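The values are calculated or read from the model by the stated rules, or taken from the named source; none is laboratory data. None of these values were measured; they are calculated from a predicted model. Glycine gets a Cβ as well: all are built from the backbone with ideal geometry, and neighbour counts include every protein chain shown. These area figures cover heavy atoms from the full protein model, side chains too; ligands, DNA and RNA do not enter into them. Shrake-Rupley method; radii C 1.70, N 1.55, O 1.52, S 1.80 Å.
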Amino acid sequence: MYPSLLSLWEIVIEDSISYDVEKLIHRLDWSRLALPMDAAGRALTRADERLRRSPDLADGIRARGHILDTCAAMWLDGDLVHIEDLVLHDAGADIRAPTHELTLAARLLRLRRIVERQDHDWVFSRAGLLALAGRAGQTRSSEDETPFTPEPADAILDDEADETSREDDLLAEIDAIAERAQKLAESAVSAAGRSTVSNIGAVRQNDLDILLRDPDHDETRLLNSWHRVVEDTRALPPVLGAAILLDAWLVLDPLERRTELGRLIASAALRKSMTPNHLPLVAVGLRQSKFRWRRSDPVQTRLSMLLTGLEVGALETMEQMNRLHFARERMMRQCQNCRRNSKLPQFVDLFVAHPFVSIPLARKKLKVTAAAVDRMLEQLGPALPRELTGRGRYRAWGVL
């Protein structure tokens, strides 16, 4: 009559690893969701179209967007990484020993660049997700399994003879080991002590594994549930589909404690359908928005918050374009009185395209001497971007 405790627990587990998009669509209040959807779609489209029409700023905006979104993602996960430190670390010009958070941010920055370069289908595949999580080669699919083929009878007999000879060799090795063990009986106490220490270390390692990974986390089933969400959102509007994908990733948590991958996947989904010229700043928008995602909130509230974050991220992209455009115009004014064959305009474009510019980098890109780079730095005068390292030697400049 009444369900058992085990059946109730199975129901709870089933609810935690399922995300039914069809039921979710019927429960949504579209009158409240229409405005955030329209605002986010308009902002993302405007930012991508403006970036397409500004080829002189496109590379610089993409490079700075990767860094800004990485720092915002680290902030959302509870770590603080300064933009200048990440820029210098990415260029191999650290002014201090890199911290653990900075190393994680550099890895996330590489992942974001990989997502931008790779095909959309690879990013959403199981192999792609495991590769982004740093676990390449762990893909298990029935397609990769080779069917079993029975061996001939002669081969089986040969295998049995080989097995018998291996057993004889094994018995001889066991006798030799027994003789050596008898000679080492005097040091049994110390050996037992060392064994106790090693057992304690093994127990601690097992406890650490339990703390890091949930033994009840069914990764295969959760990934299958999330891939069903991907299929169900193909017919939805792109902005709403990206918000549902991110919400499903945060709810299901298919790859344990890898929330940053969910934001990258949402950016990849938007890039495929709405913003082909750049990877949207999802983490920046979620950080700068007034809301924070919480599992306990209703799904209507969570999706509205995510859509607002997408809009804020697109507005931040346009704001970065304004800042970079004004910085370029200010530096280009210093090029009005330069010679026709001067490389100062190319030097300005170098500052626009790269967030980190040093004298060796300028020498390599412009094919000039270090003295020529020093003269161009003097010619920029007050329009020179700020110095990033704070040192008198091995300096670097950038527009951030």
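Per-structure values
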| item | result |
| --- | --- |
| DSSP-loop trypsin sites (Lys or Arg not before Pro) across the range 32-75, with at most 13 other Cβ within 10 angstrom | R53 |
| Linear extension gain, R135 paired with R330, 0.36 nm per residue minus alpha-carbon span | 65.5 nm |
| Calculated from backbone phi, Karplus (6.51, -1.76, 1.60) coupling profile of the range 68-75 in Hz, x at Gly/Pro | 5, 5, 5, 5, 5, 5, 5, 5 |
| R340 paired with L35, simple spin-label distance in nm, labels 7 Å along Cα-to-beta-carbon | 5.9 |
| Accessible surface, per residue, of the range 229-314 when the full set of protein chains is kept, probe 1.4 Å, Å² | 35 |
| Solvent-accessible heavy-atom area per residue, rounded to whole Å², over the range 336-400 at 1.4 Å | 60 |
| Full-stretch length increase - R393, Q118 - with 0.36 nm per residue and alpha-carbon distance subtracted | 95.2 nm |
| Distance (nanometres) between label positions extended 7 Å along Cα→Cβ at W75 and S18 | 3.9 |
| Label-point gap, in nm, between R323 and V299 - each point 7 angstrom along Cα→Cβ | 3.7 |
| Calculated FRET efficiency for the pair K365/E231, C-beta based, R₀ 41 Å, to 0.05 | 0.35 |
| FRET efficiency estimate (nearest 0.05) - Cβ-Cβ, L28 to S273, R0 22 angstrom | 0.65 |
| Computed E for E49/R96 - FRET, C-beta separation, R0 41 angstrom, nearest 0.05 | 0.50 |
| Hz values of 3J(HN,Hα) by residue in the range 377-393 - Karplus curve (6.51, -1.76, 1.60), Gly and Pro given as x | 4, 5, 5, 5, x, x, 7, 5, x, 5, 7, 9, 8, x, 10, x, 10 |
